[in-house]
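Peer 1: Quick one: the structure is below, questions incoming.
The values are calculated or read from the model by the stated rules, or taken from the named source; none is laboratory data. Note that this is a predicted model, so its numbers are computed, not measured. Methodologically, a virtual Cβ is constructed for each residue, glycine included, from the backbone with ideal geometry; neighbour enumeration extends over all protein chains shown.
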Amino acid sequence: MLTIAHLSDIHLGQVHLGDGGERARRRSERVMAYLDALPGPLDAVLVTGDLADHGLAEEYRQVAKVLSSRHPVLTCPGNHDRRSPYREVLLGEAPGEEPVNRLHRLPGADVLMLDSSIPKQDDGLLDDGTLDWLDAELASGRTQLPALVAFHHPPVELHLPYVDPIRQFGAVRLARVLRRHPRVAALFCGHAHTPAATTFAGLPLLVAPGVVSTVTLPCEGGRGISFDHPPMLALHVIDGDRRTTTHYRVVSPA
């Protein structure tokens, strides 16, 4: 059995009412403190994109500090992230604009963190090279273990007018790859700034709440995004039958 924490859209560096980015930092620190204070271990913490608000090197230095944890922390870029400073600061690599895709081998599962960002755009796409990489990695190595696939942009509509026009497109191509690999147990994403659960390609698609803000449904009224809701996170439990159960937690922002 695996227990995975999942958060997204911390947007470090986001200025809110002239606070210099302190609100985003404090909220992220509270979420990480909650996870570090858990009496039991986590197999990993997934952070599915929009780590920095402007993709600046100084923001990624803050990201590295804030996301430091006793648990393994796995990340992927979002549309606010920038690949070159992300690589240099967070990964210690040379700058480069190719997608940032990573395979992480946990004791009980493979976690594939994919880059669905498109430089200088808000919508998302897994390019052909990323899909080829995903296909090859799922077919090789520890095929007897479950695989978890994560990216930033949801590949389906979530019925959120604020989010749906900038979701991940080209979803048919992704679905074809996933259907070739029955060991994939679940999909994880962010971008929507709301806890949500749906399906894609016959698999659970689990959307992390936003740490920095919450996007609301039309029935809730307002302007579609709230800075008053507290930060949240998800805890996913993957059992021996590769079934995923998700629990959401609210974290006090103060």
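So that you can scan it fast, the table gives a plain yes or no per residue for (1) at pLDDT below 95; (2) within 19 Å of the chain's Cα centre (by Cα); (3) not hydrophobic (A, V, I, L, M, F, W, C):
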{"position": "L187", "(1), (2), (3)": "no, yes, no"}
{"position": "P195", "(1), (2), (3)": "no, yes, yes"}
{"position": "A201", "(1), (2), (3)": "no, yes, no"}
{"position": "T214", "(1), (2), (3)": "no, yes, yes"}
{"position": "F227", "(1), (2), (3)": "yes, no, no"}
{"position": "L233", "(1), (2), (3)": "no, yes, no"}
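Peer 1: For residues that are among the aliphatic types (A, V, I, L, M), within 19 Å of P85 (Cβ to Cβ) and touching a Leu at 6+ places or on another chain (Cβ under 9 Å), tally how many sit in segment 19-68.
Peer 2: So the count comes out to 8.
Peer 1: Identify, by number, the condition in (1) touching a strand residue (DSSP E or B) at 6+ places or on another chain (Cβ under 8 Å); (2) in a helix (DSSP H, G or I); (3) farther than 26 Å from I118 by Cβ that E137 doesn't meet.
Peer 2: Answer for E137: the failing condition is (3).
Peer 1: Could you pull out the residue among H191, H181 that is within 23 Å of I118 (Cβ to Cβ) and part of a loop (DSSP other than H, G, I, E, B)?
Peer 2: Checking each option against the conditions leaves just H191.
Peer 1: Something else about it: Looking at segment 15-50 only, could you name the residues that are crowded, with 24+ Cβ neighbours inside 10 Å and in a loop (DSSP other than H, G, I, E, B)?
Peer 2: Selection gives G49, D50.
Peer 1: Somewhere in segment 170-182, is a residue out of contact with any helix residue (DSSP H, G or I) (no Cβ under 6 Å at 6 or more places or on another chain), under 19 Å from L46 (Cβ atoms) and in contact (Cβ under 8 Å) with a residue 12 or more places away in the chain?
Peer 2: Yes, that holds for at least one residue.
Peer 1: Something else about it: Looking only at segment 9-42, which residues are touching a His at 6+ places or on another chain (Cβ under 8 Å), closer than 23 Å to D239 by Cα and modelled with pLDDT of 95 or more?
Peer 2: L35, D36, L42
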